[in-house]
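Bear in mind these aren't lab numbers, they're just calculated from the coordinates by the rules spelled out. Treat the numbers as computed from the prediction; the structure is a model and nothing was measured. Methodologically, a virtual Cβ is constructed for each residue, glycine included, from the backbone with ideal geometry; neighbour enumeration extends over all protein chains shown.
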Amino acid sequence: MQEQLDNIDVLQKLYSVQGNTCEEIISNFKIQQKQHLTKLFKYISKENELDQFQLRGNVIGVDIEHTNDIGFDGQISIVQLKDEENVYIIDVIEIGLENQQLIKVLKQIFEDEQIVKVFYAGNTDVQWLKRDFSITIRNFCDIKEIADKCKLKGGSALIYLWKLYCDHQVSKSYKTNMQTSDWAERPLTQEQLIYAAYDCYYLPYLRYVLLQELSKLDIKEQVKLKRKFDQAVTKEYKKPILSNQELAKIIQKEFNLLMQVVNEYDDKSPIYQYLQAQPIALQLVKFIALEIMKVRQEYALHHNDPVECLEENEKVILIAIHIYQKLNITNIQIYKMNYPEFQNYKNQQYELTLEYISKQIDKDWEVYFQLFCKGLYQSFIYDQNFIKYGLSLIYEVMQVPENKNQQTQQKIEEKKQKQTEFVEKYTRKKPAYGNCKIYTKENFFLCNCDEKKIRWYLKQGLADLISEDPPTIQLKFDPSGFKEEGSDKAQYITIERVNQCVICGKENELLKFHIVPVIYKKHIQGKRSYDVVCLCLTCHHKASALNDKLKVLIAEKYNINLKQNKKDSLLEQIKNLIKSVQTFNKKNKNLPKEAFQKFQIQFTKQIENLKNQEQFNQINQFDLNNLKYEENLISINDIQFLNLIEYLKQNEELFNKNEDNLDQGKQVVEKLKTEEEIDEFLVFWRDNFLNEMKPQYLNEAWAIDHKYKRTFGDKSYYNPNNQKQQQQQDEDQE
């Protein structure tokens, strides 16, 4: 009985709302949102401005932006608060961390039991408030924890919650870039302030809608969550002093990033190739980096300086590689050993170095750092058993045995081999753009094109060749022309295109990339090559991955079931049946009775599924009534069953042609009812390409709002009838 009463008390605190009901709050929020976004926040950067705001309501959204560029621990940069009416951004750096008025205001807010403080993933925010202002939050709520507990279909990421409940969408890359921007620099940019305001703006509203989801769960689960919130605010702050294992993870991550850059830019430096091929040498480099990072952390802690302001992680890796090169080890294999043979080893020179450095700790960092690196290097030179000690220590810390490194290296080599094969098979061997010229009868420059188009006009007797380098023709007829809208620049097709990646400028290993995917573009009449660009292999992979994610979003928007497209299509069912029969035929001779019956059950279900498909019945010409059954199961060895399978094999293409209703691209385009909606759809893809891939080498006339409507005359190369004729000729030549 007492436990039930306690649970009721806990739940009352979790759902505490004064005044309006959840439904009224949600409705009011949607009305307020439209009016409020134009004046999104009030920026408070001076002490006297702290008295000018007073929070309204008993539920506030809270977010904190933090910087690691001030002190060893870092510092709160700004505190964002959202009440019933406004967003307030309090600039802690500008007002001052020690400002008593600031501390008083924040304590009044965060230690008030009557105000619910709504965070997203707020455990670190709680610790920062405790560290910088000695604040212990009362009535803490974390909507990420609630979303995790509710197990929402799309996950618990904040950008997903914004999209699902708030009709607010941002990309993951944008949020990451803003989150990691420089929050120590002043003044803050307008973009930073708007981002910060949005980060807390929706939190109170999300609490209400997620609590409605949470209320559907078992009461014990709800109580458990509230108690978890209460425990989160009691944890004491701990300085971010990293263990050897944590430092080793950073080293591994930085080395992997370095190797990515090396591979991407095809850096053939012998040292990088050697380290990738020699696990022992790589372990030694990691040990050197670990010792540097340990002493760097000690120095930063002593001086209350940011760790990476002293020396960035990437630079530490490069310094470790440089020290290894200076050691000039001719045969690293002699240091193979049985771990952990040297775990308790001590090097006198190294100990003396550390002792000497500790006495110099108040000196300039550059001097300090150089002394340590010199001492570390000398420790290897004077006592080469120190190398084995280093290998033993890094082995223990990273817990990555040598054979695991070999497996990783093998996977890298396999990946390289696959990439080489892909390059040879799919990348362009000839230039993508021939930049051949076409002129009208009146000697007006019409467009650039490829050599194949030039040959077609000459072969049809529709043009005269007026130059061979580059191939240039003059038409003998008046073209029906084209209409280009949406750009005040030079016409796109009259500017010579460079054979290079439009993102990074690389000039080899190029592939054509469709900014608007082919699955949609092929169903949009008159939209031709405007959105086809050249990308290098690396950029093509990244852009394709982006397009794949966007296709899923498009499918969700138009309520299209992607999984059903593949798995449940008529063609897939027929293919599965044929494949199952082929498997049965291979095993039929020695098949036990039970296994034979399993095949009968499987085939019977597959055929019944086909019978129930309206589309199959419309196409099918085979009389299914002739099929024989044995105790309600299909007779596998009967001639009629074999005839059915043969019929399905021969007519597979017929069923394939009738899969239009499962074409995702076609379904999407059919929902675009007007030309304006089609143009908006194209702009959506172009906008994502520009914002996410950031191309630096696009044609100067390429425009995001380009509208391209084209008619094709009887003599045009792109007239559909001429296209079919040319395709037939190409097939005859083959």
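Some observations on this one:
- Take each peptide in 76-84, 174-182, count the other Cβ atoms within 10 Å of every residue, and average; sorted highest first, the result is 76-84, 174-182.
- Solution diffusion estimate, µm²/s, Stokes-Einstein, the stretch 224-287, Kirkwood Rh from C-alpha pairs, 37 °C, viscosity 0.692 mPa s: 217 µm²/s
- Viscosity 0.890 mPa s, temperature 25 °C, Stokes-Einstein D of the stretch 255-319 from Kirkwood C-alpha radius, µm²/s: 188 µm²/s
- Prolate/oblate/rounded call for the stretch 202-250, Cα gyration tensor, a/c under 1.5 rounded: prolate
- Base-10 log of normalised Debye intensity for the stretch 570-658 (one unit scatterer per alpha-carbon) at q = 0.13 Å⁻¹: -0.41
- Close amide H partners of I135, meaning residues 5 or more places away or on another chain with modelled amide H under 5 Å apart, are K130.
- Here the simple spin-label model places points 7 Å from the Cα toward Cβ, and for E496 and E314 these points are separated by 3.6 nm.
- Pair-distance profile P(r), taking every C-alpha pair of the stretch 244-412, with 10 angstrom steps and integer %: 9, 39, 37, 14, 1
- 3J(HN,Hα) from dihedral phi, the stretch 182-190, Karplus parametrisation 6.51/-1.76/1.60, rounded to Hz, x for glycine, proline: 7, 8, 8, 5, 10, x, 5, 6, 4
- Amide H to amide H, with H built 1.01 Å from N, C447 comes under 5 Å of I438, counting only residues 5 or more places away or on other chains.
- The chymotrypsin sites (Phe, Trp or Tyr not before Pro) of the stretch 408-460 meeting both criteria, a DSSP state outside H, G, I, E and B (loop) and at most 11 other C-beta atoms within 10 angstrom of the site's C-beta, are F444.
- Where the Cα pairs of the stretch 192-310 fall when distances are cut into 10 Å bins, in %: 10, 22, 20, 22, 19, 8, 0
- In this structure, the residue pairs whose Cα-Cα separation is over 30 Å, taken from K649/K673; K149/K551; K542/K666; K415/K605; K163/K521; K579/K628, are K649/K673; K415/K605.
- Gain on full stretching of the segment that runs from K557 to A595 - 0.36 nm per residue minus C-alpha separation: 9.2 nm
- Using the Karplus relation 6.51 cos²θ - 1.76 cosθ + 1.60 with θ = phi - 60°, the per-residue 3J(HN,Hα) values for the stretch 356-365 come to 5, 5, 4, 6, 9, 5, 8, 7, 4, 4 Hz, with x marking Gly and Pro.
- A DSSP coil position with no more than 13 other Cβ atoms inside 10 Å describes the following trypsin sites (Lys or Arg not before Pro) in the stretch 317-376: K336, K346, K363.
- Label sites at E424 and Q621, each approximated as a point 7 angstrom past Cα along Cα to Cβ, lie 4.5 nm apart.
- Chain lengthening between N588 and L462 when straightened (0.36 nm per residue, less Cα-Cα): 39.0 nm
- The alpha carbon gyration tensor of the stretch 66-204 gives principal lengths a ≥ b ≥ c with a/c of 1.5 or higher and a/b no greater than b/c, which makes the shape oblate.
- The HN-Hα couplings worked out from phi for the stretch 371-382 by the Karplus form 6.51 cos²θ - 1.76 cosθ + 1.60 (θ = phi - 60°) are 4, 5, 4, 5, x, 5, 4, 5, 4, 5, 5, 6 Hz, whole numbers, x standing for Gly and Pro.
- Applying a DSSP loop filter and a limit of 14 other Cβ atoms within 10 Å to the GluC sites (Glu not before Pro) in the stretch 221-270 leaves E236.
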